[in-house]
1. Could you list the trypsin sites (Lys or Arg not before Pro) in the stretch 4-75 that lie in coil according to DSSP, counting only those with at most 14 other Cβ atoms within 10 Å of their Cβ?
2. Considering only protein heavy atoms and a probe of 1.4 Å, how much of the accessible area of the chain is carbon and sulfur, as a whole percent?
3. Order 104, 28, 110, most accessible first, counting only protein heavy atoms with a 1.4 angstrom probe.
4. If you line up the long axis of helix 3-13 against the longest principal axis of the chain, both from Cα atoms, how many degrees apart are they, to the nearest 10?
5. Nearest 500 deg cm²/dmol is fine: what mean residue ellipticity at 222 nm does the chain get from its DSSP H runs of n ≥ 4 alone, each adding -39,500 (n - 2.57), divided by its residue count?
6. Averaged per residue, what accessible surface does the chain expose to a 1.4 Å probe, in Å²?
7. For a quick check of understanding: with a 1.4 angstrom probe and all protein chains in place, what accessible area in square angstrom does residue 18 have, to the nearest ten?
8. Based on Cβ point charges of +1 for Lys and Arg and -1 for Asp and Glu, what charge dipole magnitude is obtained for the stretch 1-103 about its Cα centre, in debye rounded to the nearest 20?
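The values are calculated or read from the model by the stated rules, or taken from the named source; none is laboratory data. What you see is a predicted model; the values in this text were computed from it and never measured. Note: ideal-geometry Cβ built from the backbone for every residue, glycine included; neighbour counts use all protein chains shown. Areas reflect the complete protein model, heavy atoms only, side chains present, ligands, DNA and RNA absent. Shrake-Rupley method; radii C 1.70, N 1.55, O 1.52, S 1.80 Å.
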Amino acid sequence: LTETQLRHEVNFWMTNWEMCALTEQVIFTEPYITAPNNRWTTPQLDDDKKAIETDTELKVCAAKYRTKFVTSTEALLHGDLHSGSVMCAPSANQTFVIDPEFAFMGPMGFDT
């Protein structure tokens, strides 16, 4: 890619604000608070959930990673990478990643 083409591609993948906001919500915010989307096996995991909600060090760490998530544009990320998003063709050297609706520019390593 030329420098101009690269900037165009980066700009295109930087406009996925809605999906990035959803990721921020379900990865970096809601697991650490009481939220309507949270589900867990109760009463078996009640103590574990409470421990997460009251762990200040964990919340500070999550906040640091959230900041990196919203400010970093190191790589093009899939955003919802799992085995159902990877397709392998029968011929050699053909692997495809599908469902790019969550894709965005973000911190390298986030999809790992």
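1. Values: sites: 7, 39, 49, 50, 59, 64, 66, 68; in loops: 39.
Counting only loop positions with at most 14 other Cβ atoms within 10 Å, the trypsin sites (Lys or Arg not before Pro) in the stretch 4-75 are 39.
2. Working: 4870 of 8230 Å².
Carbon with sulfur: 59 percent of the solvent-accessible area.
3. Numbers: 104 5, 28 30, 110 60 Å².
Output order, biggest surface exposure first: 110, 28, 104.
4. Long axis of 3-13 versus the principal axis of the chain: about 40 degrees.
5. Values: 4 runs with 43 residues, N = 112.
After summing the helix terms and dividing by residue count, I get -11500 deg cm²/dmol.
6. On the way: 8230 Å² over 112 residues.
Accessible area per residue: 73 Å².
7. Result for residue 18: roughly 140 Å² accessible.
8. Details: 8 positive and 15 negative charges, 26 e Å.
It works out to roughly 120 debye.
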